[in-house]
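These notes concern the structure reproduced below.
The values are calculated or read from the model by the stated rules, or taken from the named source; none is laboratory data. Because the structure is a prediction, the values reported are computed rather than measured. Virtual Cβ from ideal backbone geometry, glycine too; neighbours counted across all protein chains shown. For accessibility, only protein heavy atoms count, side chains too; no ligands or nucleic acids. Shrake-Rupley method; radii C 1.70, N 1.55, O 1.52, S 1.80 Å.
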Amino acid sequence: MPATIEPQVTEELAAAHGLKPDEYQRLLALTGRAPTFTELGIFSAMWNEHCSYKSSKIHLRKLPTKAPWVIQGPGENAGVIDIGDGLACVFKMESHNHPSFIEPFQGAATGVGGILRDVFTMGARPVACLNLLRFGAPDHPRTRHLVGGVVAGIGAYGNSFGVPTVGGSVNFDAGYDGNILVNAMAVGIAKKDEIFYAKAKGIGNKIVYLGSKTGRDGIHGATMASAAFEADAEAKRPAVQVGDPFTEKLLLEACLELMQTGAVIAIQDMGAAGLTCSAIEMGAKGDLGIELDLDCVPCREMGMSAYEMLLSESQERMLMVLDPAKEKEAEAIFRKWGLDYAVVGTTTGTLRFVVKHRAMVKADLPIKELGDAAPVYDRPHCSLPKMPPLDAASVPTRLPHAHALLRLLASPDLCSKRWVYEQYDHLILGNTVQPPGGDAAVIRIGEGPKGLALTADVTQRYCKADPFEGGKQAVAEAWRNLTAVGAMPRAITDNLNFGNPEKPEIMGEVIGCIEGIAEACRALDFPAVSGNVSLYNETSGAGIPPTPAIGGVGVVEDVSRAASLAFKQPGEQIVLIGETGGYLGQSLYAREICGIGESAPPRVDLAAERRNGDFVRSLIEQQKVTAVHDISDGGLAVALAEMALAGGIGASIAIPEDLPEHGFLFGEDQARYLLTAPPGQADEIHSSAGAAGVSSQFIGTTGGDSLTLGRTPAILLVDLACGHEDWLPRFMAGANP
């Protein structure tokens, strides 16, 4: 076949590949010559925002990443923590935002596939998935289509692959009208002394391509994910990958079987930037060169160029460095599973990345500089003026409390997300102890009794109003969610979603959120061990709200003792843990009921978070409480309603006279929990709380078929459930939002 004629590289062509003029000059200085077209593609892939973290790297260093239980922090395919008994938990969260906006089903599906590969590349068997989804306003013409496609894609891939999707978060906001967020998280279990890494070793070892064939899907996917959308987002559809969960399942089993043979020296999945990024990262981490022969790459399309093969993001592919003595054994395993196996290169001592195709050298570049010499920016940044606090006494009571509660529970953000999570198989593998719908999911590890608690969430309206305080709150919320089921929080993964970092106000949001996250992680001994940064989430100049998603992992020593939020029986005492000041700033009550958006979010007292959480966890461990729920969006009244609806049991509470009633019921003060305890136990809990320096008060009793909030007329649970459960199914069925 005749050689492909490549275009001559110019500064204009480099700009079309996402390289700024100064970056192109940096490239020329490194190479000492004009790059080939293939080399330009390589630089474009390695120096884009998605792969190089060039706008966030200097700030990510502020995050605490170490603890005695951390085995592997950021820098590998996924983070790894020691969970005892010789086992490790491997987990990470990644974004597939741009692809999911363009093609929601495949974008979301391949997001799940990619994050699963990050986990089993490390030698772990995936045991759970979670996701964080953010969609535009319900009345936007594309929202319903995007919700349907994304949820179907997540369900189709996870269900077919055979991993339970056990938790997550779904919100709607006009700020995502032109750029939705699809963040996928995967969790796996491995033996702590059998973790596999991407660092290549040994000169002259074979580099082996494994999995599916390479096609033209997903070319420049990482570059596309590193640029803002304009009105022609549809034109980027060819950059979206196409997934096959059944092939990925075969790839999982083949990789895990091969790992048991001792044949694997290094392994890297082909994710963003495909063969280019995986090969370069393996070589650079091992201080080795890499030589690839693209004639050996299995392709499913005829006539693919070197440029296309290197940048393709076709799914379900791996790259390995194998022990030469075990190559035949490795090949036999992959042939048995019906997967492509091909030797495509070797490790060298040259520290060069050399690519050959059709007997021609298509690229010859310094391998370390492709990553290490990528531009790193300390971008200009500024902070927007702080919003004023919102005193509850100054907020008028627009509706009777019962009506306000009914409206909140039927709002897009607080309505039941059952329509979403019932499309996911959350019971497959048989280890799901607590499914979606609670504070955190709980899964059993093997035969138990130990388990993991998992959560993913962020309150973007807090981050928009005050990035630093919002970043703190996102971590504190994850910590509370894990605590509320009785887990010891151990570590987080993050997915930092922001707009264009070249705008100082957006860069200010990035820095503020990271610094808030870092402070909370330090205060709570809750290190960040993996993550992803997704920037340029904007369309036609309009950026998304700052959305630093936090995925949290905790350890439950005995899953039979894990707490849930459902009321268990009538006549139990309801106890409020934590200081309640009735703060309404940035609350859903202020926004949905009063139409007030411009206010400061609640302050996060990290010492109180830790003190109160440790106390609640001790009560769960001692089995002194029967139900636990953290108080967050919507305040105490919404938390109480969620507990009542989950258990099918009503409650009656008193409202203290020293606070505005709507502030007490709907304020979103932090570091708080609602507990239930058997009759007569509230006094003992109150006494123990006082000794621990924790605020507590008995506020009511469970029972009946309605909620009574102080002097407010009783609200039947059936009425609460109607609006709460109906909004999302009606919306997806075509009813007006």
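Miscellaneous remarks
- Scan of segment 46-76 for residues that are among the aromatic types (Phe, Trp, Tyr) and open to solvent by 10 Å² or more (accessible area, probe 1.4 Å), ordered by number: 53, 69
- Odd one out for residue 557 among (1) surrounded by 22 or more Cβ atoms within 10 Å (Cβ to Cβ); (2) closer than 22 Å to residue 614 by Cβ; (3) touching a residue at least 60 places away in the same chain (Cβ under 8 Å): (1)
- Residues of segment 524-542 that are among the β-branched types (Val, Ile, Thr), closer than 30 Å to residue 671 by Cβ and in contact with an Asp or Glu (Cβ under 8 Å, 6 or more places away or on another chain): 533 alone.
- Count of segment 423-460 residues which are more than 24 Å from residue 729 (Cα to Cα), open to solvent by 30 Å² or more (accessible area, probe 1.4 Å) and outside any loop (DSSP other than H, G, I, E, B): 2
- Residue list for segment 709-720, filter: open to solvent by 30 Å² or more (accessible area, probe 1.4 Å), part of a helix (DSSP H, G or I) and under 15 Å from residue 404 (Cα atoms): 719
- Count of segment 310-346 residues, restricted to those that are in a helix (DSSP H, G or I) and hydroxyl-bearing (Ser, Thr, Tyr), is 0.
- Within segment 28-45, the set of residues being buried (at least 24 other Cβ atoms within 10 Å of the Cβ) and aliphatic (A, V, I, L, M) comprises 40, 42, 45.
- Qualifying residue in segment 119-135 (condition: over 15 Å from residue 186 (Cβ atoms), in contact (Cβ under 8 Å) with a residue 24 or more places away in the chain, open to solvent by 10 Å² or more (accessible area, probe 1.4 Å) and among the hydrophobic types (A, V, I, L, M, F, W, C)): no
- Of the strands (runs of 3 or more DSSP E) entirely within segment 569-674, those holding at least 2 residues that are under 29 Å from the mean Cα position of the chain (by Cα) occupy 627-630.
- Filtered by the rule that a residue be modelled with pLDDT under 90 and in a loop (DSSP other than H, G, I, E, B), segment 252-300 gives 270, 271, 272, 273, 300.
- Failed condition for residue 716, given (1) under 25 Å from residue 588 (Cα atoms); (2) in contact (Cβ under 8 Å) with a residue 24 or more places away in the chain; (3) not acidic (Asp, Glu): (2)
- Residue check, residue 617 surrounded by fewer than 21 Cβ atoms within 10 Å (Cβ to Cβ) and touching a Gly at 6+ places or on another chain (Cβ under 8 Å): no
- Cβ separations smaller than 8 Å between residues 6+ apart or across chains give the following pairs from segment 675-687 residues that are touching a residue at least 40 places away in the same chain (Cβ under 8 Å) to residues that are in a helix (DSSP H, G or I): 675/616; 675/619; 675/685; 676/643; 677/685; 685/619.
- Hits in segment 398-422 - residues which are surrounded by fewer than 18 Cβ atoms within 10 Å (Cβ to Cβ) and part of a helix (DSSP H, G or I): 403, 407, 418
- Residue identified as more than 19 Å from residue 300 (Cα to Cα) and without any contact (Cβ under 8 Å) to a residue 24 or more places away in the chain among 354, 361: 361
- Subset of segment 670-702 (residues that are closer than 20 Å to residue 651 by Cβ and in contact with a Gly (Cβ under 6 Å, 6 or more places away or on another chain)): 672, 679
- Qualifying residue in segment 266-280 (condition: over 26 Å from the mean Cα position of the chain (by Cα), open to solvent by 10 Å² or more (accessible area, probe 1.4 Å) and not aliphatic (A, V, I, L, M)): no
- Residue-level analysis places residue 394 among those that are over 29 Å from the mean Cα position of the chain (by Cα) and open to solvent by 60 Å² or more (accessible area, probe 1.4 Å).
- Odd one out for residue 730 among (1) open to solvent by 30 Å² or more (accessible area, probe 1.4 Å); (2) over 31 Å from the mean Cα position of the chain (by Cα): (2)
- Close Cβ contacts (under 8 Å, 6 or more residues apart or on different chains) running from residues in segment 306-331 that are among the basic types (Lys, Arg) to residues that are part of a loop (DSSP other than H, G, I, E, B) comprise 317/212; 317/270; 326/261; 326/262; 326/263.
- Counted residues, segment 508-517 - those being closer than 16 Å to residue 477 by Cα and under 17 Å from the mean Cα position of the chain (by Cα): 3
- When the strands (runs of 3 or more DSSP E) confined to segment 164-229 are screened for residues that are of a type outside the set (Gly, Ala, Ser), out of contact with any Asp or Glu (no Cβ under 9 Å at 6 or more places or on another chain) and modelled with pLDDT of 90 or more, those reaching at least 2 such residues are found at 181-191.
- The set of residues in segment 348-391 being among the basic types (Lys, Arg), modelled with pLDDT of 95 or more and surrounded by fewer than 15 Cβ atoms within 10 Å (Cβ to Cβ) is empty.
- Yes/no for residue 149 being over 27 Å from residue 284 (Cβ atoms) and open to solvent by 10 Å² or more (accessible area, probe 1.4 Å): yes
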